[in-house]
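This report refers to the structure that appears directly beneath it.
The values are calculated or read from the model by the stated rules, or taken from the named source; none is laboratory data. Quick caveat: nothing in here was measured; it's all calculated off a predicted structure. Positions of Cβ are generated from backbone atoms using ideal geometry, with glycine treated the same way; all protein chains shown enter the neighbour counts. All accessible areas refer to the heavy atoms of the entire protein, side chains included, with ligands and DNA or RNA removed. Shrake-Rupley method; radii C 1.70, N 1.55, O 1.52, S 1.80 Å.
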Amino acid sequence: MANFSKREPHFAYLKADLLENTFEPVIEYPSTYHEKFYGLIPWIYLPSGYFSPQEDRYFISFPLDPNIYIFNKDFKLVKKVDLSSAAIPKPIKPFKEKYTENYDYQKENQFYSLLSYYLDMLPDFEHNRVYRLALIKKADPNNPKSDPIISYTIVVCDSDLNILGEWEIPSKYDLSSPVLVNSQGLWLLDKEKTNPEETLLTFDIFDGKFKKA
């Protein structure tokens, strides 16, 4: 894992030319990852995003950053847009203020068990929408030593990244499984309707009628 405490370029993607067999690092991690240290858990360093053919631009979401970063086809930053969840603090509290090689991995796991962050970002070109999925973790107020309370929300915006609202996802939907988007919209897996053999998977289409977050 790269040492993000040092203010030097750390890139999230590689541009590959398979014909020339060349690779070029592109799209640097935002300053969020350099200002504080969030531990070595790999999931919080995995960005998500998509390419918009209509705009000829890349839209990138980083798990610990409230913003969406927009790049042109040459991977130059055009602008950033705040698409934050109301349930995730800004800024996210770090594991440590600075990186140190010697630290308690058990404390890191405890930190991660209560770390809320952004899971994914999905475009819905058919309906001119973008969905940003957020994983919310909270300590159980009745039993702080028990497993955290986990929930999910979806920040929904239009194709111009104007936020339309944020919705709580009912617990019967499993966002740790693949979330699908097609011409009908956003499909969520209903784990309560999955048979024991997992030979039948039932999805519902998000319709904006869930409880507002």
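Things to note:
- Residue 146 touching a helix residue (DSSP H, G or I) at 6+ places or on another chain (Cβ under 6 Å) and loosely packed, with under 12 Cβ neighbours inside 10 Å: no
- Within segment 81-108, residues that are closer than 11 Å to residue 39 by Cα have Cβ atoms under 9 Å from residues that are among the basic types (Lys, Arg) and open to solvent by 80 Å² or more (accessible area, probe 1.4 Å) in these pairs: 95/107; 99/6, counting only partners at least 6 apart in sequence or on another chain.
- Out of 28, 55, sole residue that is among the charged types (D, E, K, R) and surrounded by fewer than 17 Cβ atoms within 10 Å (Cβ to Cβ): 55
- Cβ pairs under 9 Å, 6+ apart, first in segment 59-72 and over 21 Å from residue 125 (Cα atoms), second among the charged types (D, E, K, R) and at pLDDT 95 or above: 65/80; 66/82
- Residues of segment 109-143 satisfying the condition of being free of Cβ contacts under 8 Å to residues at least 60 places away in the same chain, among the aliphatic types (A, V, I, L, M) and open to solvent by less than 40 Å² (accessible area, probe 1.4 Å): 133, 134, 135, 136
- Residue within segment 35-58 that is in contact with a Gly (Cβ under 7 Å, 6 or more places away or on another chain), of a type outside the set (A, V, I, L, M) and at pLDDT 90 or above present: yes
- Screening 92, 41, 68, 88 for residues that are among the β-branched types (Val, Ile, Thr), within 30 Å of residue 139 (Cβ to Cβ) and open to solvent by 20 Å² or more (accessible area, probe 1.4 Å) leaves exactly one candidate, 41.
- Residue selected from segment 156-213 under the condition of a type in the set (A, V, I, L, M, F, W, C), modelled with pLDDT of 75 or more and under 19 Å from residue 137 (Cα atoms), by the criterion nearest to the chain's Cα centre (by Cα): 175
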